[in-house]
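**Q** Input: one structure, supplied below.
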Amino acid sequence: MDEFSLYVLDIVNNSTRAGARNIRIFLREEGDDLYFTVEDDGCGMSEEQLARLRDPFFTTRKTRKVGLGVPFLVMLAEMTGGWVKIASKQAAGEGEDHGTKLEAKFGLHHVDFLPLGDLCGTVTTLIQGAPDTDFLYLHTRGEKQVRLDTKELRQVLGDLSLAEPEVLAWIRENLAEQYEQMNQV
Amino acid sequence: MKSIEELMAIKAKMQDKMSVRKAEGETRIVVGMATCGIAAGARPVLNAFVEDIAAEGLTDRVTVTQTGCIGICQYEPVVEVFEKDGQKTTYVKMTAEKAKEVVEKHIKGGKPVVEYTIGAAKL
């Protein structure tokens with residue numbers, strides 16, 4: 001994968017596949033560091049799954065024998081002087097808390113890091129793929145931020161799906177405009 | 001800035017379209033969006049389909065959705081088109097440009113673009 005935004009897309013897809021109803025995505029730039037956090041209320045992972053998560057030859061899917069999403073992320077993080085931490089909890093009983101939290105650090109200006117890439121495209125694609133899931137997306141750089149909360153959009157849209165192309169186009173343009181402001185020196 | 005007012009206008013405009021879609025059968029375009037698909041360039045392919053279907057005014061009868069790994073990673077980006085009658089066409093090694101052609105010739109014209117299908121790919 002040749003841009004960071006594709007790693008974000010791939011990792012957050014794990015949360016949607018885990019049946020999460022709420023997913024929070026944070027990108028925080030601090031000096032030379034980039035922190036990436038994903039929190040979901042999906043089904044969570046067992047201790048065995050968690051222990052084997054970094055193993056590329058472990059996957060729960062049936063269509064192929066390898067699972068490269070997390071190993072790719074770990075490789076990029078460690079290559080750029082960072083790390084990945086993952087905590088997960090399966091529901092012990094009815095109504096119990098469950099979900100997964102992934103935190104990662106990358107060397108933003110490390111020679112092996114990638115361009116951030118089309119983050120607007122990643123957020124739009126995530127919403128298109130799981131229009132009933134609520135996403136909070138927050139990217140901060142110093143005082144500046146880009147923020148999108150689908151709960152707020154849903155209040156306006158009512159029962160109209162977030163996956164409607166016109167709505168997706170609005171989301172993409174809204175994010176692009178926010179990024180334009182963020183990138184102004 | 002794209003305002004909430006504009007979003008409200010979209011909502012108002014879309015109301016009548018939604019009822020039409022529920023009445024008709026749908027053609028489904030499904031894009032593989034697992035690690036293999038993403039790494040091979042599935043995101044621009046998906047976006048091309050979403051934008052083109054909207055631009056051509058086909059949203060009332062065509063939906064675009066995502067799926068996981070279909071199991072033929074070496075052929076990604078993979079796109080499956082399901083017709084109303086249940087017929088399926090599998091396109092392989094897709095690009096945004098090919099997606100536009102599929103919308104024009106297959107979705108609008110009714111004729112699958114044979115050279116992009118898995119049947120035409122060298123096995």
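The values are calculated or read from the model by the stated rules, or taken from the named source; none is laboratory data. Quick caveat: nothing in here was measured; it's all calculated off a predicted structure. Note that we place each Cβ from the backbone using ideal geometry, even for glycine, and neighbour counts take in every protein chain shown. The accessibility values were calculated without ligands, DNA or RNA, using every heavy atom of the protein model including side chains. Shrake-Rupley method; radii C 1.70, N 1.55, O 1.52, S 1.80 Å.
**Q** Could you work out the equivalent-ellipsoid semi-axes for the protein assembly as shown, taking the square root of 5 times each eigenvalue of the Cα gyration tensor, largest first, in whole Å?
**A** 31, 25, 20
**Q** Which one, A:K101, A:K89, A:K144, has the greatest fluctuation when you compute a Gaussian network model over chain A with C-alpha springs under 10 angstrom?
**A** A:K144
**Q** Can you list the residues of the range A:1-42 whose accessible area drops by at least 20 Å² going from the chain on its own to the full set of protein chains, with a 1.4 Å probe?
**A** Residues meeting the cut-off: A:M1, A:L6, A:L9, A:D10, A:N13, A:R17.
**Q** Within the set B:K11/B:K100; B:K88/B:K108; A:K144/B:K2; B:K84/B:K108, which residue pairs have Cα atoms separated by over 21 Å? Kindly include the intermediate steps, with their values, before the conclusion.
**A** Numbers: B:K11/B:K100 27 Å; B:K88/B:K108 16 Å; A:K144/B:K2 18 Å; B:K84/B:K108 14 Å.
Pairs exceeding the cut-off: B:K11/B:K100.
**Q** Still on this model: Using a 1.4 angstrom probe on heavy atoms only, work out the carbon and sulfur share of the accessible area of the protein assembly as shown in %.
**A** The nonpolar share, carbon plus sulfur, comes to 51 percent.
**Q** Let me ask something else about it. Once the dipole of the protein assembly as shown is set up with Lys and Arg at +1 and Asp and Glu at -1 on Cβ about the Cα centre, which of A:L148, A:G44, A:P115 lies farthest towards its positive end?
**A** A:G44
**Q** With every protein chain kept in place and ligands, DNA and RNA left out, what is the accessible area per residue of the range A:6-70? Probe 1.4 Å, answer in Å². Walk me through the numbers on the way to the answer.
**A** Numbers: 3310 Å² over 65 residues.
Spelled out: the 1.4 Å probe surface of the range A:6-70, per residue, equals 51 Å².
**Q** Which whole number gives the average, over all residues in B:36-46, of C-beta atoms from other chains lying within 10 Å of the residue C-beta? Display every interim value, and only then the final one.
**A** Working: counts 6, 2, 11, 8, 1, 3, 3, 11, 3, 0, 5.
For peptide B:36-46, the averaged partner shielding equals 5.
**Q** To continue, here is another question. Chains B and A: how much accessible area gets covered up at their contact, both sides added, probe 1.4 Å, in Å² to the nearest hundred? Can you show the working numbers first?
**A** Details: alone 7570 and 10540 Å², together 14980 Å².
Interface between B and A: roughly 3100 Å².
**Q** So how strong a dipole does the protein assembly as shown carry about its Cα centre when Lys and Arg Cβ are +1 and Asp and Glu Cβ are -1, to the nearest 20 debye?
**A** That gives a dipole near 900 debye.
**Q** Also, quick follow-up: Answer rounded, prolate or oblate for the range A:76-150, using the Cα gyration tensor with square roots of eigenvalues a ≥ b ≥ c: rounded when a/c is under 1.5, else prolate when a/b is larger than b/c, else oblate. Each step should come with its number before you reach the end.
**A** On the way: a/c = 2.23, a/b = 1.33, b/c = 1.68.
The shape class here is oblate.
**Q** With contacts defined as alpha carbon pairs under 8 Å and 6 or more residues apart, what's the relative contact order of the range A:4-183 in percent?
**A** 25
**Q** Other chains near B:69-82: what is the mean number of their Cβ atoms within 10 Å of each residue's Cβ?
**A** Details: counts 7, 2, 4, 2, 4, 0, 0, 0, 0, 0, 0, 0, 0, 0.
The per-residue average across the peptide is 1.
**Q** Give or take rounding to whole Å, what are the principal axis extents of the alpha carbon atoms in the range A:120-185, in descending order?
**A** That gives 39, 19, 18 Å along the principal axes, largest extent first.
**Q** Hey, could you pull the Cα Rg and Dmax for chain B, both in Å?
**A** Looking at chain B, its Cα Rg and Dmax stand at 15.6, 52 Å.
**Q** Among A:A51, A:A87, A:A20, determine the one that fluctuates most according to a GNM of chain A built with springs between C-alpha atoms less than 10 Å apart.
**A** A:A51
**Q** If the cut-off is 19 Å between C-alpha atoms, which lysines fall inside it for A:K62, apart from same-chain ones fewer than 8 positions away?
**A** none
**Q** Let me ask you something else. Please compute the average number of Cβ atoms from other chains found within 10 Å of each residue's Cβ in peptide B:4-14.
**A** Other-chain Cβ atoms within 10 Å of each residue's Cβ, averaged: 5.
**Q** Any idea what the alpha-carbon Rg over 2.2 N^0.38 Å comes to for the range B:69-123? Working shown, then result.
**A** Details: Rg = 10.9 Å, N = 55, 2.2 N^0.38 = 10.1 Å.
The value comes to 1.08.
**Q** Would you compute, for the Cα atoms of the range B:21-82, the largest minus smallest coordinate along each principal axis and list the three values in descending order, in whole Å?
**A** Sorted largest first, the three principal extents are 37, 20, 13 Å.
**Q** Distances over 31 Å make up what percent of all Cα-Cα pairs in the range A:4-183?
**A** Details: 2715 of 16110 pairs.
So the portion of pairs separated by more than 31 Å is 17 percent.
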